[in-house]
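Asker: The structure that follows is given in the form of structure tokens.
Nothing in this text is a laboratory measurement; each read-out follows from the coordinates by a stated rule. What you see is a predicted model; the values in this text were computed from it and never measured. Glycine also receives a Cβ, built like all others from the backbone with ideal geometry; neighbour counts cover every protein chain displayed.
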Amino acid sequence: MADKKISIDGFDEPDQEGILVFYSNDRQPAVHNFFLGVAEDALCRGVPAFHLPVQIDNLEARRLRQSYVSFSPLLMVARYLLVLGVDTARPVDRPSGLTSAAPDPRLEEIFVRNVHTISAINRQRGIRTLWVGQVMDHRRMLAGERWGWVPFLRPEDMSPLILRLNGLLKREAEALGDVYVDIAPEDFTSDDFMDHGHFVPAGSLKFAAQLAPAVAAACR
């Protein structure tokens, strides 16, 4: 739950709650194919066009799965060549652009609009919405440790961007009458993360312990 957007959506059941946790890959500046969830020229191809396709083998989503031949190095090589030659899921090119720490008003505009859209959908369905900003290992980012999932930002520039967008999320959530759960990154150490933004089990438990009271209060 700590690294994905999650909506607990009961559709036709009243008094449901939706918990939404924004993740860093949802917020890439200077990528003008930022995912909107609706068709809008190139703007609808961000996450579906980059983040998910490059993980097709990790997710075991091909018909000829890697696990089927993992017992044989030779078969793994043969499978790889076959996939390159005939599989309809083609290798994904990395997005092109310039590395920049400059503010991206377009990203913020889309980000805020998506918050309003999700909140409105939940409200129309009678679902209370709880928003949680991204908790990341800011020490690791500020130290400059490279992270390939955000190609147009230096790691040390990622930290202020996340804090900026978390602030926007809190502002919009409160203005909409939703609940914003403010989980401070200072409460976490690098030992709580396996990389810049994914928790180890101990970090997940710490995150859940801080989130649980807000969820319980909203569900009363």
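Asker: What are the residues whose amide H is under 5 Å from the amide H of ASP57, where those residues sit 5 or more places off or on another chain and H is modelled from the backbone?
Answerer: Placed amide hydrogens put nothing under 5 Å from ASP57.
Asker: Now for a separate question. Within the set of other residues whose C-beta is less than 10 Å from the C-beta of GLN210, count the net charge using Lys and Arg as +1 and Asp and Glu as -1. Before the final figure, lay out each step's value.
Answerer: Working: positive: LYS206; negative: ASP182, ASP187.
In short, -1.
Asker: So if R0 is 22 Å, what FRET efficiency would ALA184 and VAL112 give, r being the distance between their Cβ atoms, rounded to the nearest 0.05? All intermediate terms of the calculation are to be shown ahead of the outcome.
Answerer: Working: r = 22 Å, r/R0 = 1.02.
Given R0 = 22 Å and the Cβ-Cβ separation, E is 0.45.
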